[in-house]
Every structure is written in structure tokens, then in C-alpha cells.
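Notes for the one structure printed next.
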Amino acid sequence: MYQPPRNSDPSSGGPAERWIVIGFAAFLTFAFAMEIADGDDPAKLAIPLMVLFWIPLLVLHEAGHAMAARALGWRVERIVLGFGAPWRKLRVAGIDVELRRLPLEGFVETVPNDGIARPLPHAAIYFAGPGIELGLAVALLLAFGPERMLALGDEPSLLVWQSLALAAALGGVLNLIPHSTFEGEHEVPNDGLGILLALQGPRRIGR
């Protein structure tokens, strides 16, 4: 989740960083394709499957932020999925959802109704994105059993669920490792850093 400064748009800035992300993703996709072509081991499908799960997990991640914000009484002003030029605008459950050309990242813009972001609710909203991914991974582990989910095998249907669980777990963990990036002059915390910053004390957020 990203709480963007007013009159700024974190998904439209930083073209150099965007091209780095796109280039890296293209390189990984090419490398995975070459790995699959070299041999007939079904387990090699795991990494491409994880890449395919990126967009559904991105949607789930941002939905987690939005649902937590609403549950805690915050306004959800919009959800943006992707960056670059806008592709389509929707309204889902009373929330403006903006789809963009390159679905590699996203953010949820939230505002507390009284304008004060208190530490625990603010941290909980940050945690909800990676938390819902980790919850999905744990749910799949319990549904199929640790023995099956952690075993190496060649059962195609199980491989799909294993790949989804691994992608969700990695996404959740990586989002909780504190770091930040810069969008122009603005420092953008990831979810892990956002949690730490939120716990430092209340802050005013509003127009």
C-alpha cells in the first residue's frame, strides 16, 4: 500500500525505475522459458506458474489493504493496479478502481475519516496486503497438508497449488522487508517500512 502525497501520483513517475522493473521481468520470463525448454521435468513449470500468479496476487494484495481500511472506518478513495497510462476505470463495491497498462505494482489511497492516522489502525492497513497473501499460503498448506505441499513431485494439479502457495508466501514476506523507493522528490515506503513508520505515532492525513 502507498499513501501518496496529495496532488501526486506514484504510478506515473520514475520512468527509469519502471524500465528497470520491466527489463528485469522480461529477463526472468526469458530465462524461465529457456529452462522449461531444456528438459521435460514438470517441476520446472513452478516458476512460470508463479509469474502467472503475479497479477491475481497483486489484486488480492491491494484488496487486502482496501478491505482492512474499510473495516477500520477509513475511506478508500481509489485502488490503482499497474502503472503507466490508464487503461480502464471501474467502480467496484463503491470504490474507484483504475487499471493501467503495466500490471506490475499497485497502491490503495486511503484516508481516515477524522484525518488522523493512528498507529495501530494505520499499521494494520499496511500489514493487510502482505497478510492476506501469507494467509492464503497458510490456508493452502493446511488444505493439502504439509507433507504434500512441501514434497517434490510430478503431479500437475498439485504443482499449480504449490506454485500459488509459494508465490503468495514470497510476495508476503518480501513486502514485509522494510525498504523504500523514490518517486521524484517523494520517498515511498513499502508495506514493511510503512508499518514501522505508522507505529511511530499518529499523523494527519487529509486534503
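Of all residues in region 75-114, exactly one satisfies the criterion of being closer than 26 Å to A26 by Cα, at pLDDT 90 or above and basic (K, R), namely R88. Out of A167, A117, one residue alone is at pLDDT 90 or above, over 23 Å from I55 (Cα atoms) and of a type in the set (G, A, S). It is A117. One residue stands out among those in region 32-74 that are surrounded by fewer than 17 Cβ atoms within 10 Å (Cβ to Cβ) and not in a helix (DSSP H, G or I): the one that is modelled with the highest pLDDT, which is G73.
Listed here are the residues, each with its yes/no results for (1) surrounded by 16 or more Cβ atoms within 10 Å (Cβ to Cβ); (2) in contact (Cβ under 8 Å) with a residue 40 or more places away in the chain; (3) not basic (K, R).
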site: G106; (1), (2), (3): yes, yes, yes
site: P112; (1), (2), (3): yes, yes, yes
site: I116; (1), (2), (3): no, yes, yes
site: L140; (1), (2), (3): yes, no, yes
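Checking G171 against (1) in a strand (DSSP E or B); (2) surrounded by 14 or more Cβ atoms within 10 Å (Cβ to Cβ), only one condition comes out false. Which one? Among (1) in a strand (DSSP E or B); (2) surrounded by 14 or more Cβ atoms within 10 Å (Cβ to Cβ), the lone unmet condition for G171 is (1).
Checking each residue in region 104-121 for being of a type in the set (A, V, I, L, M) and outside any strand (DSSP E or B) picks out only L120. G129 meets the conditions (1) small (G, A, S); (2) under 17 Å from G64 (Cα atoms); (3) touching a strand residue (DSSP E or B) at 6+ places or on another chain (Cβ under 6 Å) in every case but one. The failed one is (3). When we screen A124, A128, A139 for residues that are part of a helix (DSSP H, G or I), under 14 Å from the mean Cα position of the chain (by Cα) and at pLDDT 95 or above, the only hit is A128. The single condition from (1) modelled with pLDDT under 95; (2) surrounded by 12 or more Cβ atoms within 10 Å (Cβ to Cβ) that D154 fails is (2).
When the criteria are applied in full, L196 meets the requirement of being touching a Pro at 6+ places or on another chain (Cβ under 8 Å), assigned to a helix (DSSP H, G or I) and either within 19 Å of G129 (Cα to Cα) or modelled with pLDDT of 90 or more (or both).
The values are calculated or read from the model by the stated rules, or taken from the named source; none is laboratory data. Everything quoted here is computed from the prediction, not taken from an experiment. Quick reminder, even Gly has a Cβ in these numbers, built from the backbone with ideal geometry, and neighbours come from all protein chains shown.
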